Amino acid sequence: MIVVSAGYHHPVETREMRYFVAVAEELHFGRAAQRLAIAQPPLSRAIQQLERRLGVVLLHRTARAIALTEAGAVLLREARTALDAVEAAERRTRRAAADQPGVVLATKAGASSELLSKLLHAYAAEPGAVAVEVMLCGPGQPEGLLRTGRADVALLHRPYDTTAGFDAEDLHTEQQVVVLPAGHPLANRTHLSLAEVNTLTNLPLPRWPGRDGSYPDGPGPQVRDHTQLFQLIALGLACAVVPESLRTQLRDDHAVVPVPDAPPVTTVIAWPPHSRSKAVADLVHTATRL
């Protein structure tokens, strides 16, 4: 059977995507309306109009709750990507028109500190170098800053970060270790497996926030940065598997044991594939030379 569609489908508007993302993330029309600073009735009408336009049901509604349909989950993922792209275009356009050229580099606070220092020093010595603003942020945030245009380039760490949709160059690969409280019975082991680390019920692994700021379920403590994490470990409240280079941030009340079967961590420098910035290209070139 051949089906021919003769109608014209109006494209989804940016406003509608923002409305839907708010509802899909809050799963509550009242909270979404408050977040968007609009009244609830027009928000409900906008979502219904969007469903009619697309010809699909995006939300399962009951008297007590709402939930995403499979189509709604797909639109949430695609709408986030599209809104990130719009936001990035706006920010990069404004930055391109700035009187003082510069590059914004995002990186996880405490990670790749030695590499970052060498990169900034080497780039500053290059002819035509511009000012580099370094944004130190929490785990998972550099990728988001790059996608939304808040940063021009970022140091990311696979497998914790994804480079999908970016151009990237690998800079450094290292093994991982488990950080334990000093004096722990396993602190003198030559190595531990991931399975052994996962069975340390008295020292749970930490929980890091996701892109939306929420924490996954689990027994481990909620952490925001490495300073907080390492203090919890010293107090005997957690352990953590981290890149070996973070040894330099540890104190005498920590112990480190290699974890050979943990996936290696690769530091990469990433940038938008459509970037035409000479400053970004020069910074990337300097990083790959290091």
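Of note:
- Residues that are closer than 17 Å to S112 by Cα and in contact with a Lys or Arg (Cβ under 8 Å, 6 or more places away or on another chain) were ranked within the range 144-167; the one that is surrounded by the most Cβ atoms within 10 Å (Cβ to Cβ) is L155.
- Within the range 11-28, one or more residues are open to solvent by 30 Å² or more (accessible area, probe 1.4 Å), assigned to a loop (DSSP other than H, G, I, E, B) and aliphatic (A, V, I, L, M).
One line per residue, one yes/no per condition, for (1) in contact with a Lys or Arg (Cβ under 6 Å, 6 or more places away or on another chain); (2) modelled with pLDDT under 85; (3) surrounded by 12 or more Cβ atoms within 10 Å (Cβ to Cβ); (4) among the basic types (K, R):
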position	(1), (2), (3), (4)
R92	no, yes, yes, yes
R95	no, yes, yes, yes
D99	no, yes, no, no
A106	no, no, yes, no
E114	no, no, no, no
L119	no, no, yes, no
P127	no, no, no, no
V132	no, no, yes, no
M135	no, no, yes, no
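- Within the range 257-270, considering residues that are out of contact with any Asp or Glu (no Cβ under 9 Å at 6 or more places or on another chain) and surrounded by fewer than 16 Cβ atoms within 10 Å (Cβ to Cβ), the one nearest to G149 (Cα to Cα): P263
- Some residue of the range 173-187 being assigned to a helix (DSSP H, G or I) and either closer than 30 Å to L27 by Cβ or under 25 Å from the mean Cα position of the chain (by Cα) (or both): no
- Q40 being open to solvent by 70 Å² or more (accessible area, probe 1.4 Å), modelled with pLDDT of 90 or more, touching a helix residue (DSSP H, G or I) at 6+ places or on another chain (Cβ under 7 Å) and not β-branched (V, I, T): yes
- Residues in the range 171-195 that are out of contact with any helix residue (DSSP H, G or I) (no Cβ under 9 Å at 6 or more places or on another chain) and not polar (S, T, N, Q): G183, H184, P185, A187, H191, L192, L194, A195.
- Any hit, the range 194-201, residues being within 30 Å of E126 (Cβ to Cβ) and either in contact with a strand residue (DSSP E or B) (Cβ under 7 Å, 6 or more places away or on another chain) or not in a loop (DSSP other than H, G, I, E, B) (or both): no
- Scope the range 204-256; condition in contact (Cβ under 8 Å) with a residue 24 or more places away in the chain, touching a Ser or Thr at 6+ places or on another chain (Cβ under 9 Å) and surrounded by fewer than 19 Cβ atoms within 10 Å (Cβ to Cβ); matching residues: T248, Q249
- Among the residues of the range 58-68, the ones that are touching a residue at least 12 places away in the same chain (Cβ under 8 Å) and either acidic (D, E) or exposed (fewer than 15 other Cβ atoms within 10 Å of the Cβ) (or both) come to 2 in all.
- Close pairs from the range 141-167: first among the polar types (S, T, N, Q), partner open to solvent by 10 Å² or more (accessible area, probe 1.4 Å), Cβ under 6 Å, at least 6 apart: T148/D84; T148/E87
- Residue in the range 225-237 that is closer than 18 Å to V197 by Cβ and touching a Gly at 6+ places or on another chain (Cβ under 6 Å) present: yes
- Of all residues in the range 276-290 being loosely packed, with under 13 Cβ neighbours inside 10 Å and either in contact (Cβ under 8 Å) with a residue 60 or more places away in the chain or in contact with a Leu (Cβ under 6 Å, 6 or more places away or on another chain) (or both), the one that is nearest to G110 (Cα to Cα): T288
- Yes/no for P273 being touching a strand residue (DSSP E or B) at 6+ places or on another chain (Cβ under 9 Å), within 30 Å of A122 (Cβ to Cβ), open to solvent by 60 Å² or more (accessible area, probe 1.4 Å) and not charged (D, E, K, R): yes
- Some residue of the range 49-57 being of a type in the set (D, E), closer than 20 Å to L83 by Cα, in a helix (DSSP H, G or I) and touching a residue at least 24 places away in the same chain (Cβ under 8 Å): no
The values are calculated or read from the model by the stated rules, or taken from the named source; none is laboratory data. These numbers come from a predicted model, not from an experiment. Note: ideal-geometry Cβ built from the backbone for every residue, glycine included; neighbour counts use all protein chains shown. Please note that ligands, DNA and RNA were not included when accessible areas were found on the heavy atoms of the full protein model with its side chains. Shrake-Rupley method; radii C 1.70, N 1.55, O 1.52, S 1.80 Å.
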